[in-house]
Amino acid sequence: MTFDELLRAAHTSQDLVMPDSWSQGRATFGGLTAALIFERMQHLVAEGRAMRSMQVSFVGPVEPEVTASFEAGILREGKAVSQVQGRIVQNDEPRLMCLASFGGDRDSEVQVDALPAPEVTPVSQCQGLDYIEGVTPEFIRQIEMRWAFGNLPFSGKGGRELGGWMQFRKTPETFSDAHIIALVDAWPPAVLPYVKQRVRASSLSWALDIVHPRPVMEPGDWLLYKASIDQAGAGYGHTQAGIWTARGELVALSRQTVTVFG
Ligand SMILES: CCCCCCCCCCCCCCCC(=O)SCCNC(=O)CCNC(=O)[C@H](O)C(C)(C)COP(=O)(O)OP(=O)(O)OC[C@H]1O[C@@H](n2cnc3c(N)ncnc32)[C@H](O)[C@@H]1OP(=O)(O)O
């Protein structure tokens, strides 16, 4: 199933089955589960209130091919901001919890421009990460990544930065916030180039802000992702990342805590 087909399914039903083709080890790709719960949360919110900030806790693996319930509810609606919660339940256990703040614009004297986007090699000159059965996670069949910063996972070469260009392999119908959410989580944890052999890793928690006014993005546009490690040790890594359009406009800011089993 394509990302757009799954988004449509999330509009019509609370109960969804995540296909194997979007899996990552024992779990479903976290960018997909977060995007689908986001989609259900967003539908509860009045027009004109854009998602500003979202916090996700990956409580447990959302297993592929097993029905999961995607539940959403409003916590509070103020003059400009709607606070919304979402959760995914599978086998009567919470597997993902999400809080998001959707806010309309208000008059303000404060205006601070974003820092410039990083210098980067053009997408046409960057090496893509191909899907290799049994080697890469299944969801790499859906999302294309072209390496521009840092070393490959399991290369043992380390480095503080990781990232590059990303887009859906099948051009989507639109480029919504849900599409951004799915793309941003696709990159492997930035700590993985430190290990020399294949080890397991999982996103544990994720904070994502989308910046407004959102730059104009057309389906099929490449986005740039650059993560850096703040600190890592004892099986956990703390990373932050920026996301930009190819024109260098800031789109989103991401912070993740990841677990690494090795
Ligand atoms: C040239 C080369 C190019 C290659 C190039 C491509 C590279 C590609 C790299 C991929 C990189 C991943 C990228 C993740 C990105 C997401 O999307 S992961 C999906 C979203 N996150 C989740 O589903 C996490 C849900 N939460 C959890 O499962 C648990 O809360 C946490 C985070 C694992 C907590 O840790 P815990 O309490 O220690 O976990 P627990 O449930 O007790 O389970 C631990 C066991 O699970 C295993 N485990 C953890 N994660 C997984 C997993 N995803 N699948 C299977 N087993 C897992 C551990 O190894 C450990 O195994 P044992 O030591 O027991 O044998």
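The values are calculated or read from the model by the stated rules, or taken from the named source; none is laboratory data. Everything numeric in this text was worked out from a predicted model, so none of it was measured. All Cβ positions, glycine included, derive from the backbone under ideal geometry; neighbour counts span all protein chains shown. The area values use the complete protein model at the heavy-atom level, side chains included, leaving out ligands, DNA and RNA. Shrake-Rupley method; radii C 1.70, N 1.55, O 1.52, S 1.80 Å.
A few remarks follow.
- Criterion (open to solvent by 10 Å² or more (accessible area, probe 1.4 Å), hydrophobic (A, V, I, L, M, F, W, C) and in contact (Cβ under 8 Å) with a residue 24 or more places away in the chain) met by exactly one of I88, I74, I37: I74
- Filtered residues of region 229-238 (kept if open to solvent by 10 Å² or more (accessible area, probe 1.4 Å) and either outside any loop (DSSP other than H, G, I, E, B) or closer than 16 Å to P153 by Cα (or both)): I229, D230, Q231, A232, G233, G235, Y236, H238
- Applying a threshold of 6 Å to beta carbon distances and a minimum spacing of six or more residues, or different chains, the list of pairs starting in region 19-32 at a residue that is over 16 Å from V258 (Cα atoms) and ending at one that is open to solvent by 20 Å² or more (accessible area, probe 1.4 Å) and among the aliphatic types (A, V, I, L, M) reads P19/M1.
- Of the strands (runs of 3 or more DSSP E) lying entirely inside region 135-222, those containing at least 2 residues that are under 16 Å from the mean Cα position of the chain (by Cα), in contact (Cβ under 8 Å) with a residue 60 or more places away in the chain and surrounded by fewer than 17 Cβ atoms within 10 Å (Cβ to Cβ) are 200-210.
- Count of region 30-76 residues which are touching a Ser or Thr at 6+ places or on another chain (Cβ under 9 Å) and among the polar types (S, T, N, Q): 4
- Hey, Q83 of a type in the set (S, T, N, Q), without any contact (Cβ under 8 Å) to a residue 24 or more places away in the chain and either closer than 23 Å to W22 by Cα or surrounded by 15 or more Cβ atoms within 10 Å (Cβ to Cβ) (or both) or not: yes
- Residue satisfying all of: in region 14-28; assigned to a helix (DSSP H, G or I) and surrounded by 13 or more Cβ atoms within 10 Å (Cβ to Cβ); farthest from the ligand (Cβ to nearest atom) among these: S21
- Checklist (1) among the hydroxyl-bearing types (S, T, Y); (2) in contact (Cβ under 8 Å) with a residue 24 or more places away in the chain; (3) open to solvent by less than 40 Å² (accessible area, probe 1.4 Å) applied to T121, failing item: (3)
- Residues satisfying the stated conditions in region 135-155, i.e. over 23 Å from G220 (Cβ atoms) and more than 11 Å from the ligand (Cβ to nearest atom): G150
- Any chance G262 is of a type outside the set (A, V, I, L, M, F, W, C) and either open to solvent by less than 60 Å² (accessible area, probe 1.4 Å) or closer than 23 Å to L7 by Cα (or both): no
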